[in-house]
Amino acid sequence: MPSLPQGLAARAARGAGRLSQKLGRGGGTTIPGLLLSRLRPEATAEMARSVSGGVILISGTNGKTTTARLVRAALDTNGARVVANTAGSNLERGVATALLDADGAEIALFEVDEAALPGLMAQTEPRVVTLMNLFRDQLDRYGELEHLVDRWRGAVAELDPAATVIYNADDPAVAEIAARHPNTVSYGIEDPRVGRDRLPHAADTTECRHCGASLHYEMVTIAHLGRWSCSECGLARSQPDVQATRVELHGLDGQRLSIATPRGPIELSLRLPGMHNSYNALAATATSIALDLAPEAFGPALAKREAAFGRAERTQIGNVRVTTLLAKNPAGANENIRTMLLEDHPLHLLVLLNDRTADGQDVSWIWDVDYELLLDSGRLASLTVGGDRGYDMALRFRYAGFDPQRLSVVPSVSAGLNTALGASETDGHLYVLPTYTALLEFQAVLAERGLVPAFWEDE
């Protein structure tokens, strides 16, 4: 089928989006881009070239949504006109949909699915690419982690040398990929007080990318991230350009960071909890520096930013404060658990496990999550599990040693929420740990009850 003229294809795509919203079939965040790619396959590249200030792509297994929001806050503070996929539709179709609204935009900012990144790098010819991390995730969709590493390496090798690559120096796989590029800004955590002295059993990248020998870690932060080196060939983590010299975690209330940058020091009081958000803030800081934004301007902007939906988002339901923590792979789920354990009250949990395409149909990853830490703390007051694979999650907690008589299995998200709210009403705190599609279901339940806006209205 020959391509339609750009204007005609764009009008048809926009019309499809409006119809999708009118019919209540969604937010119109993917259908326009999907149709546009069929009607004019070269449209994404054409629209990207029309953005005068260039394209920023942010990708990684964990944290890309939050990081993109932080960078957006910095750009907004500096008065830039930005087009972005704020609803989180991060495949090519979502990026194409966002670009349909790029008229007059100076900067295009997109969070990008890690498997979609190489293709979008080729199409958009980005000014800045931010590579955050690579964790084991959705094995049935992505295959082994090595497959993504190879694809990223090839994409970076084809990137324009003038483009800037921002990368996480604490991730051995990402660092090996990015360090070959001539124009980079690296980031990492230097504060030894938040480090651990050994790798967790769920660590993914534990061997040297050059010689295959086991990596040595002087400090471990999250999963396989940290201060690493190879004693066989000498490959080692470099000193980051942007580094967190002090990290103070304050549970779910947030954290305080001292960040050293080439543009001077930054002090951040961040509303986002957990060390995973320390990395997100560092990635956003490094990206902002690559965009020549002044620290005195973007520092306060990052500090004010609230969590994206489902990422430590808080909702008040009656007298219960509900905190939602997306948990879609071992690295993210383990960090959520450690963050919850910094709280000083009983822990009531609603854990929602789905196995749909966007989650990954292989749910064996739950056996690499340290749920035992919750039981060992003695503070797990109630547990409700649900979702499509709720009984698999119940079995996981049974093997962890949780009393099955105290466990409620409620597959329905709405009914499960009601059960969990009832169990937590006395203490007033409930934590919801959903996988991705379970998060969307949970968000829809909250929206139906008038508690939150629809997810595509997120700004």
Of all residues in the range 354-410, how many are touching a residue at least 60 places away in the same chain (Cβ under 8 Å) and farther than 18 Å from residue 326 by Cα? 0
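Quick grid of which residues meet (1) in contact with a Pro (Cβ under 9 Å, 6 or more places away or on another chain); (2) at pLDDT below 95; (3) closer than 23 Å to residue 330 by Cα; (4) charged (D, E, K, R):
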| residue | (1), (2), (3), (4) |
| --- | --- |
| 206 | yes, yes, yes, no |
| 219 | yes, no, yes, no |
| 237 | yes, no, no, yes |
| 255 | yes, no, yes, no |
| 282 | yes, no, yes, no |
Can you tell me how many residues within the range 374-411 are more than 16 Å from residue 442 (Cα to Cα), within 27 Å of the chain's Cα centre (by Cα) and not in a helix (DSSP H, G or I)? 2
Quick check: is even one residue across the range 282-289 surrounded by 23 or more Cβ atoms within 10 Å (Cβ to Cβ) and either in the same structural domain as residue 315 (by TED's automatic domain parsing) or without any contact (Cβ under 8 Å) to a residue 40 or more places away in the chain (or both)? no
Return the residues of the range 412-443 that are part of a helix (DSSP H, G or I), at pLDDT below 95 and either touching a helix residue (DSSP H, G or I) at 6+ places or on another chain (Cβ under 8 Å) or within 17 Å of residue 381 (Cβ to Cβ) (or both); say none if nothing qualifies. 440, 443
Which condition number in (1) part of a strand (DSSP E or B); (2) touching a helix residue (DSSP H, G or I) at 6+ places or on another chain (Cβ under 8 Å) is the one that residue 218 fails? (2)
Kindly indicate whether residue 150 is among the acidic types (Asp, Glu), in a loop (DSSP other than H, G, I, E, B) and either surrounded by fewer than 23 Cβ atoms within 10 Å (Cβ to Cβ) or modelled with pLDDT of 95 or more (or both). no
Checking residue 226 against (1) small (Gly, Ala, Ser); (2) surrounded by 20 or more Cβ atoms within 10 Å (Cβ to Cβ); (3) in contact with a helix residue (DSSP H, G or I) (Cβ under 6 Å, 6 or more places away or on another chain), only one condition comes out false. Which one? (3)
For residue 368, which of the numbered conditions (1) over 27 Å from the mean Cα position of the chain (by Cα); (2) at pLDDT below 95 fails to hold? (1)
When residue 89 is run through (1) of a type in the set (Gly, Ala, Ser); (2) surrounded by fewer than 22 Cβ atoms within 10 Å (Cβ to Cβ); (3) not in a helix (DSSP H, G or I), the failure sits at (2)
Going through (1) surrounded by 16 or more Cβ atoms within 10 Å (Cβ to Cβ); (2) over 17 Å from residue 272 (Cβ atoms); (3) modelled with pLDDT under 95 one by one, residue 313 fails only at (2)
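Here is a yes/no grid of residues against (1) farther than 18 Å from residue 283 by Cα; (2) at pLDDT below 95; (3) of a type in the set (A, V, I, L, M):
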site: 32; (1), (2), (3): yes, yes, no
site: 41; (1), (2), (3): yes, yes, no
site: 54; (1), (2), (3): yes, no, no
site: 57; (1), (2), (3): no, no, yes
site: 65; (1), (2), (3): no, yes, no
site: 68; (1), (2), (3): no, no, yes
Matching entry among 162, 202, 122 (being out of contact with any Asp or Glu (no Cβ under 6 Å at 6 or more places or on another chain), assigned to a loop (DSSP other than H, G, I, E, B), small (Gly, Ala, Ser) and more than 17 Å from residue 238 (Cβ to Cβ)): 162
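The values are calculated or read from the model by the stated rules, or taken from the named source; none is laboratory data. Treat the numbers as computed from the prediction; the structure is a model and nothing was measured. Positions of Cβ are backbone-derived with ideal geometry, glycine not excepted, and every protein chain shown enters the neighbour counts.
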